Amino acid sequence: MRSEGQIRHQLKQVVYRHLQKRLRENFRQRPQNCAHNVEVVLDPSTGAFVGLCGVLNPDGTRRDVPCDSRIPGCSEMANKCSLFHPLSTKEEVKVAFNEILRAGDRGVIASQFPDIAALLWVLDEVTEGVPTPEEIDQHAELPEDKPTSPSGWWSGLLKKLGG
């Protein structure tokens, strides 16, 4: 049986991994992740739409270049786009993530993060036991714009765990 300290440590690691995953997903250059992507309805009766680039040209008109992952080649184009701007900042992602954990709804936590819910169940605590992104930041530097490879203490921990 593991000690309470070991379980709390595992909980911090799991929360950190989920936050990292959300950050990586937010900063992945895909059409649906770009703040400039505008959905234009093609057929109101069916609700069919297409994503277009909403960046303004120098003359003030929208570019309206197709940028939709359902169109062949657009995902590759978006991956290399110099105009890409993520939907949310690092801080916005962290705040939204923290709000889910702090809301205390075990059903929501279990549906989105089953491993966190399981560790909380083992600890039999309310969500005060869930580490916040600020607590995690004390131990590791999260990416500003794009994910980076693990470094520092995190790499050492992974080696100790055999990962």
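Summary table below
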read-out: Selected residue (criterion: nearest to V55 (Cα to Cα)) from residues of region 73-92 that are touching a residue at least 24 places away in the same chain (Cβ under 8 Å) and surrounded by fewer than 16 Cβ atoms within 10 Å (Cβ to Cβ); value: L83
read-out: Any hit, region 5-15, residues being more than 30 Å from D124 (Cα to Cα) and either among the polar types (S, T, N, Q) or touching a Leu at 6+ places or on another chain (Cβ under 6 Å) (or both); value: no
read-out: Subset of region 1-35 that is more than 18 Å from the chain's Cα centre (by Cα) and not hydrophobic (A, V, I, L, M, F, W, C) - its residue that is modelled with the lowest pLDDT; value: R2
read-out: When residues of region 1-52 are limited to those that are out of contact with any Pro (no Cβ under 8 Å at 6 or more places or on another chain) and in a strand (DSSP E or B), the one nearest to L83 (Cα to Cα); value: V38
read-out: Near pairs, Cβ below 8 angstrom, 6+ apart or cross-chain, from region 55-72 (assigned by TED's automatic domain parsing to the domain that holds A35) to any residue that is among the hydroxyl-bearing types (S, T, Y) and modelled with pLDDT under 90; value: S69/S75
read-out: Any pair with Cβ under 7 angstrom, 6 or more apart, that starts in region 99-119 at a residue that is over 19 Å from R22 (Cα atoms) and ends at one that is assigned to a helix (DSSP H, G or I); value: G104/T127; R106/A117; L119/I7; L119/Q10; L119/L11; L119/V14
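The values are calculated or read from the model by the stated rules, or taken from the named source; none is laboratory data. On a predicted model such as this, the values are computed, not experimentally measured, just so you know. Every residue, glycine as well, gets a Cβ built from its backbone with ideal geometry; the counts of neighbours run over all protein chains shown.
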